[in-house]
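Chemist: Structure provided below as structure tokens; questions to follow.
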Amino acid sequence: MPGKTTSSNKAKIARRVIEVLEYFDDSHREATVMDIVRRYNRPQSSTSELLSSLVELGLLHKDPYSRAYSLTPRAALIGTSGQPELVRDGRIVRLMDRLVAQTGLSVALTSMVGLDVQIVNWRHGPRALAATRELAGGIKEPLAQNGAGWLMLSTIARQRCEGMVRRLNAEADEQGKFQFADMMNRIDTCRDPRHVFGPAGFGSGAEALSGLVPRQPEGHPLVISLIYGKDDKVNPEALLHSLGDAMRKCLPDPTPMPEPELLSHAA
């Protein structure tokens, strides 16, 4: 089946490109070939070729002296023009930075992909748990397995939500099975407050305060989560206040922008 093999190879290449781009974060501003090889257990030769291709495409810069790679502005701006304003103008990034600075906790931004929660971005705080240090963008798990997923399901119309929950249960392994009524009750309790204290998920064993990012397009919810250990002494009310205050300051209600003045001499 040559067609199927070719399709599979293309999917692998696409996955590896995304892995490389997601390697870079606050703790990894630069990367060598071996950094990528060790992180993702990839062959050195094909990794070198891939990085060289990304340099040619203008997505990575290669330092001629250290031979280390870093992201270019093109990599950061691809796709931003089609995003909601709070993503395009960087407000969602400022929100995450503010929460890390205020609480010292790790902060996750997650979205819904099919029946999964996917980490869009993960910021490690000074109080980050050892169990979460390997978590990064792109990781997915079923919506039923963490509080962020319950919140996302709460944005779905009840009848469709019930169908999704039944399918999640049918597709779960024995360890992931749940009582349908209990799960629907958890989801329903999220519908009004738009936040929930619950499991952080992704095999971390951590807890999280998760809140819905306001004014997102229907069917495309985003959730911000503050991650903490079960033994951490956190004040739930103070944590909720920090989240609400940061959202109000970083994601204020939009005000109509005045029409730009046309300057005859500008062009």
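The values are calculated or read from the model by the stated rules, or taken from the named source; none is laboratory data. It should be emphasised that the depicted structure is a prediction, and the values quoted were computed from it without experimental measurement. Don't worry about glycine lacking a Cβ; one is built from the backbone with ideal geometry, like all the others, and counts go over all protein chains shown.
Chemist: May I ask you to list the residues in region 102-140 that are under 24 Å from G79 (Cβ atoms) and among the charged types (D, E, K, R)?
Modeler: D116, R123, K140, listed by residue number.
Let's see how each residue does on (1) over 16 Å from the mean Cα position of the chain (by Cα); (2) of a type outside the set (D, E, K, R):
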position: I119; (1), (2): no, yes
position: T132; (1), (2): no, yes
position: I139; (1), (2): no, yes
position: L143; (1), (2): no, yes
position: M164; (1), (2): yes, yes
position: R167; (1), (2): yes, no
position: A170; (1), (2): yes, yes
position: D182; (1), (2): yes, no
position: L209; (1), (2): no, yes
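Chemist: For T103, indicate whether it is at pLDDT 95 or above, within 30 Å of L243 (Cβ to Cβ), assigned by TED's automatic domain parsing to the domain that holds W150 and touching a Leu at 6+ places or on another chain (Cβ under 8 Å). I'd like the intermediate steps shown before the answer.
Modeler: Values: at pLDDT 95 or above: no; within 30 Å of L243 (Cβ to Cβ): yes; assigned by TED's automatic domain parsing to the domain that holds W150: yes; touching a Leu at 6+ places or on another chain (Cβ under 8 Å): yes.
Here the answer is no, as T103 does not meet what is asked.
Chemist: Residue by residue through region 178-200, note down the ones that are in a loop (DSSP other than H, G, I, E, B) and either modelled with pLDDT of 95 or more or in contact with a Cys (Cβ under 6 Å, 6 or more places away or on another chain) (or both).
Modeler: Residues satisfying the conditions are F178, Q179, A200.
Chemist: Please find, among L77, L60, the residue that is out of contact with any Gly (no Cβ under 6 Å at 6 or more places or on another chain), without any contact (Cβ under 8 Å) to a residue 24 or more places away in the chain and under 26 Å from M96 (Cα atoms).
Modeler: Working: L60 fails: without any contact (Cβ under 8 Å) to a residue 24 or more places away in the chain.
On inspection, the qualifying residue turns out to be L77.
Chemist: Go through A246, A238 for me and flag whichever is part of a helix (DSSP H, G or I), free of Cβ contacts under 8 Å to residues at least 24 places away in the same chain and assigned by TED's automatic domain parsing to the domain that holds P84.
Modeler: Numbers: A246 fails: free of Cβ contacts under 8 Å to residues at least 24 places away in the same chain.
Exactly one residue qualifies, and that residue is A238.
Chemist: Another one. For region 149-169, which residues satisfy the criterion of being outside any helix (DSSP H, G or I) and surrounded by fewer than 18 Cβ atoms within 10 Å (Cβ to Cβ)? Even if it seems obvious, please write down each step before you answer.
Modeler: Of region 149-169, the ones outside any helix (DSSP H, G or I) are 155-157.
Across region 149-169, the qualifying residue is only A157.
Chemist: Return a yes/no flag: does region 35-45 have any residue that is in contact with a His (Cβ under 7 Å, 6 or more places away or on another chain) and surrounded by fewer than 17 Cβ atoms within 10 Å (Cβ to Cβ).
Modeler: No, every residue in region 35-45 fails to be in contact with a His (Cβ under 7 Å, 6 or more places away or on another chain) and surrounded by fewer than 17 Cβ atoms within 10 Å (Cβ to Cβ).
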